[in-house]
Amino acid sequence: MVVATCDGTGELVKLRFEPGLLAKEEASLVEDLVVAAVRDARRKAAELERSRARTLALVEAAVRNAAEHR
């Protein structure tokens, strides 16, 4: 079993593997790597969302501007 812990914003802050699922020496390293990978993926997704929102705002402004000048 794997237990994930998130903070109030949904950010993954801790991951724990059931004892015996991984070798003890590997578990801590894998847990840290997975948490870091999820954080990086969430950061990239947020950046993409902001970029798309900016693009949408620019398109909407252009459409409004074109409609006003008809």
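The values are calculated or read from the model by the stated rules, or taken from the named source; none is laboratory data. Because the structure is a prediction, the values reported are computed rather than measured. All Cβ positions, glycine included, derive from the backbone under ideal geometry; neighbour counts span all protein chains shown. All accessible areas refer to the heavy atoms of the entire protein, side chains included, with ligands and DNA or RNA removed. Shrake-Rupley method; radii C 1.70, N 1.55, O 1.52, S 1.80 Å.
Structure above, values below:
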{"item": "Filter result for VAL38 (surrounded by 10 or more Cβ atoms within 10 Å (Cβ to Cβ), hydrophobic (A, V, I, L, M, F, W, C), under 15 Å from the mean Cα position of the chain (by Cα) and part of a helix (DSSP H, G or I))", "result": "yes"}
{"item": "ARG64 modelled with pLDDT of 85 or more, surrounded by 10 or more Cβ atoms within 10 Å (Cβ to Cβ) and not in a helix (DSSP H, G or I)", "result": "no"}
{"item": "Residues that are touching a Ser or Thr at 6+ places or on another chain (Cβ under 7 Å) and open to solvent by 70 Å² or more (accessible area, probe 1.4 Å), drawn from segment 6-35", "result": "LYS14"}
{"item": "Pairs with Cβ under 6 Å, 6+ apart, first in segment 8-32 and more than 21 Å from LYS44 (Cβ to Cβ), second in a loop (DSSP other than H, G, I, E, B) and not small (Gly, Ala, Ser)", "result": "GLU18/MET1"}
{"item": "Positions within segment 1-35 being assigned to a strand (DSSP E or B) and either touching a His at 6+ places or on another chain (Cβ under 9 Å) or hydrophobic (A, V, I, L, M, F, W, C) (or both), in sequence order", "result": "VAL2, VAL3, ALA4, CYS6, LEU12, VAL13, LEU15, PHE17, LEU22"}
